[in-house]
Amino acid sequence: MNPPFLVFAAPDIQEAEIAEVDACMRSGWLGTGPRVARFEAQFAAYKGLQPDHAAGVNSCTAALHIALVSCGLEPGSEVITTPLTFCATINAILHAGLQPVLADVDAQTQNIDPDAIEAAITPRTRAIVVVHFAGRPCDMGRIMALANKHGLMVIEDCAHAIETRYRGVEAGTFGDFGCFSFYVTKNVVTGEGGMILARDPALLAKARVLALHGMDKDAWHRFSDKGYRHYQVVESGFKYNMMDLQAAIGIHQLARVESALLRRQRAWDYYMQTLSPLPLELPAPPEPDTRHAMHLYTVLIDRDRFGLSRDDFLDGMNALGVGTGVHYLSIPEHPYYQQRFGWRPEQWPNAMKIGRETVSLPMSPKLTDQDLERVVAAVTKLAS
């Protein structure tokens, strides 16, 4: 009998989460309430911040959108970001009424290149959105120096980077905002969900209001045992709040985040050791004085060197019962952005090459020794 299909990024859900969700459902409080407040405080503490610097939302996309709106930039302002990212990074810029400008990535780190950022700055540039790709920190020293020099706001897309540090400083705390994801494949899981951090508590307060219809009081304060409290709408807001059902999972996921990182580190090291003889390009090692969150383990499949195209490799791994991912086709490969902006992939050659060759191998704290051996055996078979 064939072994079951190996899911690309299976979440590690344990009894503590299940019991907390059960208790949440029995409490009668499913929406935004005390468990969200607890999760916000614990996440802020994990990142070295006070509770008034963190707000739970329903996705990292929501966090990015709220952050950009809270910046108060004039419509049409230019925002520089990476072409090697999920479409949500670009779409959040567009939904905020701003103009995305792409700056190519470094071929080795796959993060946005500070030199490319500097070359893309114009008199209309107002902000930079950096993405800590795969859990590797961007060069925040150089990026913050550019931002300070040109008076630019910085938003960190930390969807891959909960545990990430750069020179001892937590990812998501360099810029004006840090935006995190708790999607089902992420290092801390709530199913759907996100978190927004802000350096300035006043900006965080604005973001929190925007996340719930622009109302000046949280729903759980209106309906709590302290008595009904009238609200006023003070902003044109959104429906982006996190639920207690989500936070019930996240509270216990966050409590195990460090032990889960150690298990992913073990998987990463195993891949580095066992895949090194094969004709593919492995990820660059973490830079000195940084902490890599090990969210993704990506390899590059060059057809001439490996003997298969990237897409044939994906099909081959699937046929062998091993799930994979693609992170990501570069943004200019997608028809919408080509049609709207006239972008062509060749304009950002490093992102284009990576996007056409990249494959993410299974990475999860749930991976057993046998699972890792299956992955490597499948890759080896396709390389032979």
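The values are calculated or read from the model by the stated rules, or taken from the named source; none is laboratory data. None of the values given here were measured: they were computed from a predicted structure. Cβ sites come from the backbone with ideal geometry, for glycine too, and all protein chains shown count toward neighbours.
Within segment 41-69, the set of residues being assigned to a helix (DSSP H, G or I) and hydroxyl-bearing (Ser, Thr, Tyr) comprises TYR46, THR61. Being aliphatic (A, V, I, L, M), in contact (Cβ under 8 Å) with a residue 12 or more places away in the chain, within 30 Å of THR368 (Cβ to Cβ) and touching a strand residue (DSSP E or B) at 6+ places or on another chain (Cβ under 8 Å) is a description that applies to LEU6. What do you reckon, is ARG266 of a type in the set (Lys, Arg), under 30 Å from VAL169 (Cα atoms) and either not assigned by TED's automatic domain parsing to the domain that holds HIS160 or not in a loop (DSSP other than H, G, I, E, B) (or both)? Spelling it out, ARG266 is indeed of a type in the set (Lys, Arg), under 30 Å from VAL169 (Cα atoms) and either not assigned by TED's automatic domain parsing to the domain that holds HIS160 or not in a loop (DSSP other than H, G, I, E, B) (or both).
Of all residues in segment 292-302, one or more are touching an Asp or Glu at 6+ places or on another chain (Cβ under 7 Å), within 28 Å of ILE162 (Cα to Cα), part of a strand (DSSP E or B) and in contact (Cβ under 8 Å) with a residue 60 or more places away in the chain. Please determine, by comparing only the residues of segment 84-143 that are assigned to a strand (DSSP E or B) and of a type in the set (Val, Ile, Thr), which one is farthest from LEU329 (Cα to Cα). So the residue we want is THR125. For first residues located in segment 182-206 and among the hydroxyl-bearing types (Ser, Thr, Tyr), partners that are assigned to a helix (DSSP H, G or I) and crowded, with 24+ Cβ neighbours inside 10 Å and lie 6+ apart or on another chain with Cβ distances below 6 Å form the pairs THR190/GLN246; THR190/ILE249; THR190/GLY250. Identification of helices (runs of 4 or more DSSP H) wholly contained in segment 333-384 with 1 or more residues that are of a type in the set (Ser, Thr, Tyr) and either more than 25 Å from ASN111 (Cα to Cα) or outside the structural domain of LEU314 (by TED's automatic domain parsing) (or both) yields 369-383.
Taken over segment 27-39, residues that are farther than 11 Å from LEU254 by Cβ and either aliphatic (A, V, I, L, M) or assigned to a helix (DSSP H, G or I) (or both) amount to 6.
Condition check ((1) surrounded by fewer than 18 Cβ atoms within 10 Å (Cβ to Cβ); (2) among the acidic types (Asp, Glu); (3) over 30 Å from VAL375 (Cβ atoms); (4) modelled with pLDDT of 95 or more) across all residues:
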position: PHE174; (1), (2), (3), (4): no, no, yes, yes
position: TYR183; (1), (2), (3), (4): no, no, no, yes
position: THR190; (1), (2), (3), (4): no, no, no, yes
position: VAL209; (1), (2), (3), (4): no, no, yes, no
position: HIS221; (1), (2), (3), (4): yes, no, yes, no
position: LYS226; (1), (2), (3), (4): yes, no, yes, no
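Considering only residues that are among the hydrophobic types (A, V, I, L, M, F, W, C) and under 21 Å from PRO286 (Cα atoms), look in segment 158-187 and name the one that is farthest from the chain's Cα centre (by Cα). Applying the filter and picking the extreme gives VAL169. It is to be established whether one or more residues within segment 304-322 are in contact (Cβ under 8 Å) with a residue 24 or more places away in the chain, charged (D, E, K, R) and in the same structural domain as LEU367 (by TED's automatic domain parsing). Scanning segment 304-322 turns up at least one residue that is in contact (Cβ under 8 Å) with a residue 24 or more places away in the chain, charged (D, E, K, R) and in the same structural domain as LEU367 (by TED's automatic domain parsing). The one condition from (1) under 21 Å from GLU20 (Cβ atoms); (2) modelled with pLDDT of 95 or more that LEU262 does not meet is (1). Among the residues of segment 73-83, the one identified as among the β-branched types (Val, Ile, Thr) and part of a loop (DSSP other than H, G, I, E, B) is THR82.
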